[in-house]
Amino acid sequence: MQWLKYTVLFFLGLSSICFGSNPDTYLEQKISPILKLINSEAKKTNSQSSNQLVDQLTVMVLPIVDEKGISKAVTGKYWSTASADMQSKFSNKFVRLIIKSFIAYITAGEGVSAKYRPVSDPNQKRVTVSSQVKFSNGEKWRVDYLVTESNGVWMIQDIILDGLSLVSSYREQFKPILEEKGFSGLYQLVSQVAG
């Protein structure tokens, strides 16, 4: 269940943040339409429409997330053992896996909303955007998004729930697979699950 929470939180954090904007405000503006789409469409999904929703969300998400940076962080030293083509394919499938898992969670009746707190100093190159995530069952989590500015764009680098990092959590899950089967073995597993 813990990985599912991190999957949800990762998806909530999929957003680039325009430099010059308050990161918290822009993050909320980017995530709200994604959550609205998921919350409205997920209840209607069957196998075929679920795949269509995953495809639609993947198209929306890939241009606004540093999937390469997060994929590199979760695979650690094994990232450099893969070709650039394999890295790109893995990054795409990894984001798709997270989206697919998130939709499964929402379909189970867990509608999600998020409220963001103002950032104390949005002029720094690295800030934390704090939020409260609320599920339809009343459950609430404090979620912190670590964002950094690079080349005039704010990007989410990690999501932290109760002091536990999304990147660290996936790294721990992937480590035994990487040690046993290498990067290509992890790619095959992620591809199989992500579809």
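Here are the numbers:
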item	result
Hey, ILE159 at pLDDT below 80 and not small (Gly, Ala, Ser) or not	yes
Options VAL127, VAL133, VAL119; residue that is over 17 Å from ALA73 (Cβ atoms), within 15 Å of the chain's Cα centre (by Cα) and in contact (Cβ under 8 Å) with a residue 40 or more places away in the chain	VAL133
Test result for GLY185, surrounded by 13 or more Cβ atoms within 10 Å (Cβ to Cβ) and at pLDDT 90 or above	yes
Cβ-Cβ under 6 Å pairs, at least 6 apart or on other chains, segment 64-86 side of a type in the set (S, T, N, Q), far side modelled with pLDDT of 95 or more	SER71/PHE90; THR81/PHE183
Matching entry among LEU189, LEU166 (being within 25 Å of ASN39 (Cβ to Cβ) and within 19 Å of the chain's Cα centre (by Cα))	LEU166
Complete set of residues in segment 138-156 that are loosely packed, with under 14 Cβ neighbours inside 10 Å and modelled with pLDDT of 80 or more	GLY138, GLU139, LYS140, ARG142
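The values are calculated or read from the model by the stated rules, or taken from the named source; none is laboratory data. What you see is a predicted model, and the numbers here were worked out from it, not measured in a lab. So basically every Cβ, Gly included, is an ideal-geometry build from the backbone, and we count neighbours across all protein chains shown.
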